[in-house]
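Trainee: Sharing a structure, written as structure tokens. Questions coming.
The values are calculated or read from the model by the stated rules, or taken from the named source; none is laboratory data. The shown structure was predicted, so the numbers you read here are calculated from the model rather than taken from an experiment. As a convention, Cβ positions derive from the backbone with ideal geometry for all residues, glycine included, and neighbour counts pool all protein chains shown.
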Amino acid sequence: QRLKAAVHYAVGCLCQEVAEDKDVQFSKQTIAAIAEITFRQCGVFFLILCRHAKRSTVNTEDVKLLARRSNSLLKYITQKSEELASSNMEQKEKKKKKCNAAKKGRTSGEQEAAVTESEDSNMA
């Protein structure tokens, strides 16, 4: 349902842009129909791609393959894909830094505990 709503929202935004550029208007029913057709057609495309590739997961390359006939769409998808990839890499690096910092913090704490234990045993 969330995916369908996202498609509907995206179609609405695109229709609004076209309406402003071409000085036309789209009714809510028209936008809903375009969104429904788009959602169903994407489902069919991805089902065919998955069957052809003998996979159950659609990846970025599959989407690019579908868009290859439209240079502007292919360029847009490639750009967004690269943005997502770099964003994912940045998030992974941040997680690594946090994990490493936590490990270093624990290591220091463990060393302090070991020093304290050895001092306590020396005192006894």
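Trainee: Could you pull out every one of the helices (runs of 4 or more DSSP H) wholly within region 1-77 that has 2 or more residues that are surrounded by 11 or more Cβ atoms within 10 Å (Cβ to Cβ) and modelled with pLDDT of 90 or more?
Mentor: 2-22, 28-53
Trainee: Then there's this: Enumerate the pairs (first residue in region 43-58 and in the same structural domain as Leu3 (by the TED database); second residue anywhere and surrounded by 12 or more Cβ atoms within 10 Å (Cβ to Cβ) and polar (S, T, N, Q)) with beta-carbon separation below 7 Å, excluding pairs fewer than 6 apart on the same chain, so at least 6 apart or on different chains.
Mentor: none
Trainee: Please verify whether Leu84 is surrounded by 10 or more Cβ atoms within 10 Å (Cβ to Cβ), closer than 20 Å to Val7 by Cα and within 16 Å of the chain's Cα centre (by Cα), treating the condition exactly as stated.
Mentor: Here the answer is yes, as Leu84 does meet what is asked.
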